[in-house]
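In what follows, a single structure is set out as structure tokens and then discussed.
Derivation of every value follows stated rules applied to the coordinates shown; laboratory data play no part. All values derive from a computational prediction rather than experimental measurement. Because the Cβ atoms are built from the backbone with ideal geometry, glycine has one as well, and the counts that use them run over all protein chains shown.
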Amino acid sequence: FLRCKISKNTSGYPVRKSNVLLVGSSGTGKTLLAQTIATYMDLPFIIIDATILSNYESSRSNTESILKILYTRVGDDIELAEHGIVFIDEIDKIKKIHGQNDSAGEKIQQGLLKLLEGSKLEFSVPGVLDRPISIDTRNILFICAGTFVGLEDIVRDRLKYERWVERDTLLMKTESEDLIKYGMIPELVARIPLIAPLHDLSVSDLYRIISEPKDSLLNEYKILFEQYGVDLNFAQDALEQIARESLKTGNGARGLRLIFEIVLLNYMYNKNYGNNTLLIDSIIVENEVNRERKKDELKNQLKSTEQLLQKCLKELEILGTRAPAHLMNKTKGLEAKIQELNKQLNQYP
């Protein structure tokens, strides 16, 4: 990151950037990590979703779009833009499809090559200048990130590791050839020399995320409940239970907000039932989460039952008076089941 702020050292020699690839599961903090450091270094920072990039021929439009976003983000300051950070998320979603020549993903990757390597590129901003704007990307740091589901299996096969070896351990041994086999083109991989795998978050990690930062979710919800005149507090076992439930979602740190919302939704909706204090313990967390899971289960059952009923009703309509008795009985049974499921759902407002 420091290389983005200086183009030359005291000796007068250029300090070249090294683009970075962050590999890790969803919710491990790839975006937050890059954004936090960029903020600390006081560097311009933009996020680009690779899945919305176009495979339009040479992908010149992608290059122009990225530079335009960076340029406008810094208030049309070319020099500031040339020392910024571009975070390209979901880079693994534009992988090359093996056995398919000129796949969309391959074209998009090829279109990013000049941008990542460092070149003077031009683009136009309608209504700003009559002439094209030129930006030198040599000092723009590109951080690419993705979950790379299945990459661990490629590493495992190369190293001949046993099946029990965990994903975190395997990703730490990722090399360029693994990324190429995954579907990234060699030219792109060569322009991203630093590979930084991120470990999946543990219950302990999630607990720290809840409790330690000043802008944690815990403090956020405390402030929210203050607006209702409610003093919200959590027992330690409640925070530990929230961390455990979040881990089950498979969404890393993103799952924390989901669990907080599930646990606190009824209290927020009903303004804590008129009480001015609220203490959440592990039993409340467990009950509210189980309650939500039961609702989801009932909704899924209701949906599949309604679909089956529609199928039976269609058969009855086609067969008319020739419809067999067992089909009519099945239809009545499904209607009764739907009534019962709706009755059970009404118990979970």
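Summary of computed values
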| quantity | calculated |
| --- | --- |
| Label point distance in nm, ARG138-GLU306, each placed 7 Å from Cα along Cα→Cβ | 6.2 nm |
| Spacing of the two label points (7 Å from each Cα toward its C-beta) at LEU279 and ILE338, in nm | 4.7 nm |
| Under 30 Å from the Cα of LYS96 - lysines, other chains or at least 8 residues apart | LYS17, LYS30, LYS68, LYS107, LYS114, LYS120, LYS160, LYS173, LYS181 |
| Prolate/oblate/rounded label for the range 257-328 (Cα gyration tensor, a/c 1.5) | prolate |
| On Cα atoms only, tilt of 104-117 relative to the major axis of the chain in degrees | 40 degrees |
| Filtered trypsin sites (Lys or Arg not before Pro), the range 91-193: DSSP coil and at most 11 other beta carbons within 10 Å | LYS160, ARG163 |
| Sequence-distant residues sharing a close amide H with ILE88 (under 5 Å, placed H) | ILE48, ILE143, CYS144, ALA145 |
| Rounded FRET efficiency, nearest 0.05, which uses the C-beta distance separating LYS314 from ALA104 and R0 of 41 Å | 0.60 |
| Inter-label distance for ARG158 and ASP49, nm, one decimal - labels placed 7 Å from Cα along Cα-to-Cβ | 3.0 nm |
| Calculated P(r) over Cα pairs in 10 Å bins from 0, in percent (choose from (1) 6, 23, 28, 23, 14, 6, 1; (2) 5, 18, 20, 20, 19, 13, 4, 1, 0, 0; (3) 5, 15, 15, 14, 12, 11, 9, 7, 6, 3, 2, 1, 1, 0, 0), label | (2) |
| Residue-wise HN-Hα coupling along the range 84-90, computed from phi with Karplus coefficients 6.51, -1.76, 1.60 (Hz; x: Gly, Pro) | x, 10, 10, 9, 9, 8, 6 |
| Nearest-0.05 FRET efficiency for THR39 and LYS299, computed from C-beta distance (R0 35 Å) | 0.30 |
| Between the range 114-178 and the range 237-316, the alpha-carbon center distance in angstrom | 37 Å |
| Residue-averaged 222 nm ellipticity for the chain, from DSSP H runs of 4+ at -39500 (n - 2.57), nearest 500 | -16000 deg cm²/dmol |
| Folded to 0 to 90 degrees: helix 254-269 orientation relative to the chain principal axis, Cα | 50 degrees |
| Amide proton proximity set for GLU82, modelled H, under 5 Å, gap of 5+ | none |
| Given charges at beta-carbon only (K, R positive; D, E negative), |dipole| of the range 201-280 in Debye | 160 debye |
| Cα-centre dipole for the range 239-284 with unit charges at Cβ (Lys and Arg positive, Asp and Glu negative), debye to 20 | 160 debye |
| Phi-based couplings in Hz for the range 207-224 (Karplus 6.51, -1.76, 1.60; Gly and Pro marked x) | 4, 5, 5, 5, 9, 8, x, 5, 9, 5, 4, 4, 5, 4, 6, 4, 5, 4 |
